[in-house]
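The values are calculated or read from the model by the stated rules, or taken from the named source; none is laboratory data. These numbers were taken from a predicted model, which means no experiment stands behind them. Note: ideal-geometry Cβ built from the backbone for every residue, glycine included; neighbour counts use all protein chains shown.
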Amino acid sequence: MGEVIFIEVLDKHDRVKERHRCDSFPINLGRSYTNDVIISDAQVCPEHLVISRDESGILWAQDLGSVNGIVRAGTADREIRVRIECDTKILLGGVTIRFRTQSYKVADTVPSSMQGIFWRSAFLSRRNAALASLLMVIVTMVFVYQGYIETLSPMRYFNASLVVLFPSIIIVLVWAGIWSLISRVVHLRSYFIAHFTIGFLALSVWFVLTVVVEYIRFSFSSNFVGSLAGYSSTFAVVTAVLFGHLSFCSTKSVYSRLAKCGGFSGLLVGVAFLMSYTSGDEFSTELDFGKELKPPMFVVSGSEDLETFFERAEFVKRKVDQLSVE
Amino acid sequence: MLKQISINLFHIAAVSTLLCLLLLQRQAAAERPTEDVFRQYKSQVVQVRVIERSSGSKSGIGSGFFVSKDAHVVTNYHVISELVNTPQSYRLEVILHDGKVLPAQLLDLDIVHDLALIIIEREVESWFELSPAQINRGSRIYSIGNPRDLGFHIVEGTFNGNIENSLYEKINFTGSLNPGMSGGPAITEDGAVIGVNVSTHGNQLSFLVPAAYAEELLRRTLARGGPIPIRFSEQARMQLLENQKDYVQRLLAADHEKVDLGDYSVPSSVGDSFRCWAQVEEEVDQQPYKSLSHFCSTQDNIYVSRRLLTGAVTFRHEYIESKEMNMFQFYTLYQAKLEQHSWNLSAKEEDVTSFRCFDDFLSISDGRFKAALCARAYRKLTGLYDVVFISAALNDSHAGLLSSLVMTGISFENAIKFTKDFLGGVKWAK
């Protein structure tokens, strides 16, 4: 084993914190600056151990009479001398070090789709963040305009814009801040612009979808279609937003992230559906039907004749009969 | 000169005295019948009390009157309704004019006309004969009862014939009825029963149940010889079912009146059972639209319990038009108006279920409507429902017609029949 070795200092998750190339022996490890490899840990002695090669070329880690000694990973006993081979791990006080040779075979490269690269780079651009903000402003203006065209009372456009835009900005800033904190912990980088862009885009899409779902509910005159559109769009938006954010604060693969985000938003939508379903069991004297009315040009589904309408309405009787005996 | 003045004064005094005597005599003659009527018939009137069994306290009071030697007492259903709805918790008592308290038993009821027949265990010396009496509008009649537990009172009033435009026959009595007098008799000077005190709208506008319904109730009870063989609540349910069948048949057979609202011709009063009103609104809250409303109602509810009134039919049309609003503004207004048409029919969970609705686009006489049919079932009165139909015309970007029809205490099948008939009367002129 006459080759070069690498000493890797690991964190508690076995991720490499430091890596040292060693091509001549003996090598001293310890906390003091007289060592070849300095390990900054209070439980490591100033001169903790020495790594040397014997006559037959075998590498040994020798305890230099340290306070906490050396322990082979996976065992509990202190040892004076540990034989070093490729991937040997030993504990030095509170630190784990690993030895690897040049011949160590690294894992295959993880394939990364073009889409993933595109998304990540797109969100990292300041220009795109500005574009997202602009989109948000446009959506706000559209909402204010919609308020103008649908509301009968006079409007102050500037005030109305601020009423929509200001709370949105504050919500997105806080939202992006939380995600940035997570990114900072995981990747040691905040990616604030990326999180900010995703937040603004999500809010814009959400605003637009609420109106679209209302029109869909009316156009098809169907609570089922309306609910389907509402729940599926919620599912899609929540999945996309979480996936986007996790792209900047997770080390998992694309498929793993997608599955987790889909699972979470599915759970969220499921809970919302159950809550809405069970709230229907509470006694009410309200008439619960689709009260949306839009101009005739938005009608999509056909009209029933009188007989068909009342035949289909028969199920109402079955439902209330069932309720009356519950 | 002085002598002449004295003579004149003497003449004036003599004439004045004579006039006063004449007036007093006339007043005495007018008051005597009321006194006589009260004196003669008060022993035939009783107070009916519903007593809560566990505490022995009275839960409800009303009046009643003897209609047979065997001490059958006619009163209102609403006086004793608690006993019908929760018989295990209440019992009946009758207080005679002399203050004697006697237990009473319920024999039969007529929930539709708000009547009940009870009996006490004794014979009576005098009672009212329930035989048809014909009197003219404007005739003086007397109502006797025990208002607000203050003792027996007599109220003088005028017979004003049957009320018009109503599903259920009632007599208009121009006199002051007060709570506690319900179930008491309204009689002529000769003691002929004209009706049974039932309700008041204030300002001397009161209502009586025609005596013929009390007579029918007594007749069938005497023929049967005892209480009805089924639970009273079941009897009430069957009567309500029969009643709605009867009035829906009458409504379906009757002619519809029509009114024109904007581009639409819509059904108005059906037969002579409805009272209708119209209303016009323009530039409401400085908003540039015009609204024409037409509202019809039978206005008659059948009392089931303190919490539940039923048996009424109400409908409303509202035509809204605006040439100045854009179509989005107009439809925002139109939707708000539709929400106002979504009647909140208050009721308790113990009596009815929540509403369940079906909505879709509906085609009526070449016009397109967004329509919803909602229903809720009565929990104890099985087979009866409150049904609401609401429609909004979708034929124009700047005008629309909202129609709503509310039927309470009706079978689902009859509600559908009547709604179809109602919609057959909607025409779109364009």
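In segment B:368-383, the residue that is farthest from residue B:241 (Cα to Cα) out of those that are in contact (Cβ under 8 Å) with a residue 40 or more places away in the chain and facing another protein chain (nearest Cβ under 7 Å) is B:373.
Residues of segment B:33-89 that are in a strand (DSSP E or B) and among the charged types (D, E, K, R): B:49, B:52, B:58. Taking the residues in segment B:352-372 that are under 18 Å from residue A:308 (Cβ atoms) and charged (D, E, K, R) as candidates, determine which candidate is surrounded by the most Cβ atoms within 10 Å (Cβ to Cβ). The extreme case among them is B:370.
Looking only at residues in segment A:203-254 that are outside any helix (DSSP H, G or I) and of a type in the set (Phe, Trp, Tyr), the one that is farthest from the other protein chains (Cβ to nearest Cβ) is A:248. Looking at B:332, B:298, B:314, just one residue is of a type outside the set (Asp, Glu) and within 11 Å of another protein chain (Cβ to nearest Cβ), and that residue is B:332.
Please verify whether residue B:386 is part of a loop (DSSP other than H, G, I, E, B) and more than 7 Å from chain A (Cβ to nearest Cβ), treating the condition exactly as stated. Against the criterion (part of a loop (DSSP other than H, G, I, E, B) and more than 7 Å from chain A (Cβ to nearest Cβ)), residue B:386 does not qualify. Answer yes if at least one residue in segment A:282-289 is more than 14 Å from chain B (Cβ to nearest Cβ) and either in a loop (DSSP other than H, G, I, E, B) or modelled with pLDDT under 90 (or both), and no otherwise. For segment A:282-289, residues more than 14 Å from chain B (Cβ to nearest Cβ) and either in a loop (DSSP other than H, G, I, E, B) or modelled with pLDDT under 90 (or both): absent. Considered as a group, the residues in segment B:343-367 that are out of contact with any helix residue (DSSP H, G or I) (no Cβ under 7 Å at 6 or more places or on another chain), part of a strand (DSSP E or B) and facing another protein chain (nearest Cβ under 7 Å) include one that is nearest to residue A:302 (Cα to Cα), and that residue is B:361.
Look at (1) under 24 Å from residue B:287 (Cα atoms); (2) surrounded by fewer than 21 Cβ atoms within 10 Å (Cβ to Cβ) and you find that residue B:338 fails only one, number (2).
Contact map, segment A:211-222: residues that are more than 15 Å from residue B:359 (Cβ to Cβ) and outside the structural domain of residue A:292 (by TED's automatic domain parsing) paired with residues that are of a type in the set (A, V, I, L, M, F, W, C) and crowded, with 20+ Cβ neighbours inside 10 Å, Cβ distance under 6 Å, separation 6+ or inter-chain. No pairs are found. When residue B:375 is tested against (1) small (Gly, Ala, Ser); (2) more than 22 Å from residue B:268 (Cα to Cα); (3) surrounded by fewer than 24 Cβ atoms within 10 Å (Cβ to Cβ), only condition (3) is not met.
The set of residues from segment A:1-55 being of a type in the set (Gly, Ala, Ser) and in contact (Cβ under 8 Å) with a residue 12 or more places away in the chain comprises A:2, A:30, A:32, A:42, A:52. Scanning segment A:296-314 for residues that are facing chain B (nearest Cβ under 7 Å) and assigned to a helix (DSSP H, G or I) returns A:296, A:306, A:309, A:310, A:312, A:313.
Apart from one condition, residue B:142 fits all of (1) at pLDDT 95 or above; (2) surrounded by fewer than 18 Cβ atoms within 10 Å (Cβ to Cβ); the exception is (2).
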